[in-house]
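**Q** The structure that follows is given in the form of structure tokens.
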Amino acid sequence: MSSVSKAVGENLQRASWIRKMFEEGARMKAERGSDKVFDFTLGNPEVEPPQALIDTVKTLVASDQRGLHSYMPNAGYPRTRAVVAQLMSKATGLDYTENHVLMTVGAGGALNALLKALLDPGDEVIVLAPYFVEYGFYVGNHGGRIVLVDTDEDFGINVERIAAVITPRTKAIIINSPNNPTGVIYSEASLCRLGDLLESLEQPVTVISDEPYKALTFDGVKAPELPKCIRRTVIATSWSKALAIPGERIGYLAISPKIPEARQIFDACTFTNRTLGFVNAPALWQNVIAEVAELTIDITPYQEKRDIFYDGLTTIGYDVVKPHGAFYLFPKTPIADDIEFAGLLKEEGILTVPGTGFGRKGHVRVTLTVPRDTIERSLPGFERVFRKVSA
Ligand SMILES: Cc1ncc(COP(=O)(O)O)c(C=O)c1O
């Protein structure tokens, strides 16, 4: 007999294969030596944060200023929110103020505060597959239900498919660009078409733009600003990836000034941020961000690794959509069964995450958050497995 709730128990059961893979990875490293195991499973930045950020933290920690560690307004320090609002206004041309911005405990905290503010039991949230699996749990946390819509072959948005699943219960759509797991950046044209579709509806459907990878783009490509062409956009994001500080848990919600009831959403999220127990985003990190909000890690090493991995895999014969952002590749598996293929890669010491876990079979996700030589040394193993199944 378990005292754990049925829902959480079932989720634990379903998520157990991810845990199993981590355990398997640790076991293999102990057995074969860690240089013979190529672990591409975890999206944890391996670079250190920029020195300017570290220096700002040191100055703040050494400061004698009183009240630095106290409670504050639940939405966060007005000064930090004003800095973010200014950046948002510059990027979008819209008139964001500190009352459109709420500091949160990472993007995960932002998404949960917003979903709690928006959803009634049974409400539906459209999610584009492949997708970040936590969305299902986050939506479920607040009584909602996710409705999956497949993206195209090249992982672009298919507006017709989205239109086909909208019901009177549809409350929101989560857009994640640059995307985890594909690295794809959705085109401005497709986002504007989605904006047009939503304008044609009678009901308000909020677009939640989950964009923690926004600063990590390659080849000079920039991710489009959703609030420019989708009126009801709320951004839920963080500096986890842009500054390589995922453990520090600092992010924000930015509610578009074009939403008629923006103030009501701001008040609702301030309340949910408080009552979910976050209370407010970490004080120290809000003060750091006020100084370095525009800073980004050097993305050159990620782009170089993207090139090595993409060129290496496509030369072998893998079919890969070239990612222009984030730090993942999502190659097609040469056999339909991605779980079986991930198993074959594992025999070569290569650990990947099957696409099934992201709602798109026939693919595996690999991450670029590894040293460059791990990618280079893994390629012969990728080749042997490719040849084996193609023989
Ligand atoms: C698509 C996506 N959204 C949200 C998050 C959560 O970000 P945070 O660490 O800021 O909560 C992640 C983390 O990997 C992610 O990949």
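The values are calculated or read from the model by the stated rules, or taken from the named source; none is laboratory data. Worth saying up front: this structure is predicted, and the values here are computed from it rather than measured. Backbone-built Cβ (ideal geometry, glycine too); neighbour counts: all protein chains shown.
**Q** Within the stretch 159-175, can you find the residues that are under 20 Å from the mean Cα position of the chain (by Cα) and surrounded by fewer than 19 Cβ atoms within 10 Å (Cβ to Cβ)?
**A** The answer is none; no residue qualifies.
**Q** Now for a different question. Those residues that are assigned to a helix (DSSP H, G or I) and either under 24 Å from Gly108 (Cα atoms) or within 16 Å of the ligand (Cβ to nearest atom) (or both), I need them from the stretch 195-226; list them, please.
**A** Leu226
**Q** Using the structure shown, decide if Pro178 is outside any helix (DSSP H, G or I), free of Cβ contacts under 8 Å to residues at least 12 places away in the same chain and either in the same structural domain as Ile126 (by TED's automatic domain parsing) or within 13 Å of the chain's Cα centre (by Cα) (or both).
**A** The answer is no for Pro178.
**Q** Follow-up. Within the stretch 130-150, track down each residue that is more than 14 Å from the ligand (Cβ to nearest atom) and within 24 Å of Val320 (Cβ to Cβ).
**A** Leu148, Val149, Asp150
**Q** Mind listing whichever residues of the stretch 182-194 are within 16 Å of the ligand (Cβ to nearest atom) and in contact with a Ser or Thr (Cβ under 9 Å, 6 or more places away or on another chain)?
**A** First pass over the stretch 182-194, keeping only residues within 16 Å of the ligand (Cβ to nearest atom): 182-186.
Correct list: Thr182, Val184, Ile185, Tyr186.
**Q** Looking only at the stretch 101-129, which residues are more than 12 Å from the ligand (Cβ to nearest atom), surrounded by fewer than 24 Cβ atoms within 10 Å (Cβ to Cβ) and either within 16 Å of the chain's Cα centre (by Cα) or acidic (Asp, Glu) (or both)?
**A** Within the stretch 101-129, Asp120, Asp123, Glu124, Ile126, Ala129 meet the criteria.
**Q** Go through the stretch 204-245 and count every residue that is without any contact (Cβ under 8 Å) to a residue 40 or more places away in the chain and among the hydroxyl-bearing types (Ser, Thr, Tyr).
**A** 2
**Q** May I pose another question? Considering every residue within the stretch 259-266, establish whether at least one is within 16 Å of the ligand (Cβ to nearest atom), of a type outside the set (S, T, N, Q), in the same structural domain as Gly195 (by TED's automatic domain parsing) and modelled with pLDDT of 95 or more.
**A** No, the stretch 259-266 contains no residue that is within 16 Å of the ligand (Cβ to nearest atom), of a type outside the set (S, T, N, Q), in the same structural domain as Gly195 (by TED's automatic domain parsing) and modelled with pLDDT of 95 or more.
**Q** Residue by residue through the stretch 181-203, note down the ones that are touching a residue at least 24 places away in the same chain (Cβ under 8 Å), more than 20 Å from Val320 (Cβ to Cβ) and not charged (D, E, K, R).
**A** If the condition is that a residue be touching a residue at least 24 places away in the same chain (Cβ under 8 Å), more than 20 Å from Val320 (Cβ to Cβ) and not charged (D, E, K, R), then Ser190, Leu191, Cys192, Leu194, Gly195, Leu197, Leu198, Leu201, Gln203 are the ones that fit.
**Q** State which residue pairs qualify: first residue among the basic types (Lys, Arg) and inside the stretch 100-120, second residue near the ligand (Cβ under 9 Å from one of its atoms) and in a helix (DSSP H, G or I) in any location, beta carbons under 9 Å apart, and separation of 6 or more residues or different chains.
**A** Note: no pairs meet the criteria.
**Q** Out of the residues in the stretch 1-41 that are assigned to a loop (DSSP other than H, G, I, E, B) and out of contact with any helix residue (DSSP H, G or I) (no Cβ under 8 Å at 6 or more places or on another chain), which is farthest from Arg145 (Cα to Cα)?
**A** Looking at residues that are assigned to a loop (DSSP other than H, G, I, E, B) and out of contact with any helix residue (DSSP H, G or I) (no Cβ under 8 Å at 6 or more places or on another chain), I get Gly33.
**Q** On to the next question. Restricting the first residue to the stretch 307-320 and requiring it to be under 11 Å from Pro334 (Cα atoms), which pairs with a second residue that is outside any helix (DSSP H, G or I) and basic (Lys, Arg) meet a Cβ separation below 6 Å and a spacing of at least six or different chains?
**A** What qualifies is Asp319/Lys332.
**Q** Sticking with this one: Restricting to the stretch 23-74, name every residue that is in contact with a strand residue (DSSP E or B) (Cβ under 9 Å, 6 or more places away or on another chain) and over 27 Å from Pro282 (Cβ atoms).
**A** Glu24, Gly25, Met28, Lys29, Val37, Phe38, Asp39, Phe40, Thr41
**Q** Filter the stretch 181-223 down to residues that are hydroxyl-bearing (Ser, Thr, Tyr) and under 19 Å from the mean Cα position of the chain (by Cα) and give me whichever is surrounded by the most Cβ atoms within 10 Å (Cβ to Cβ).
**A** In this case the residue turns out to be Thr182.
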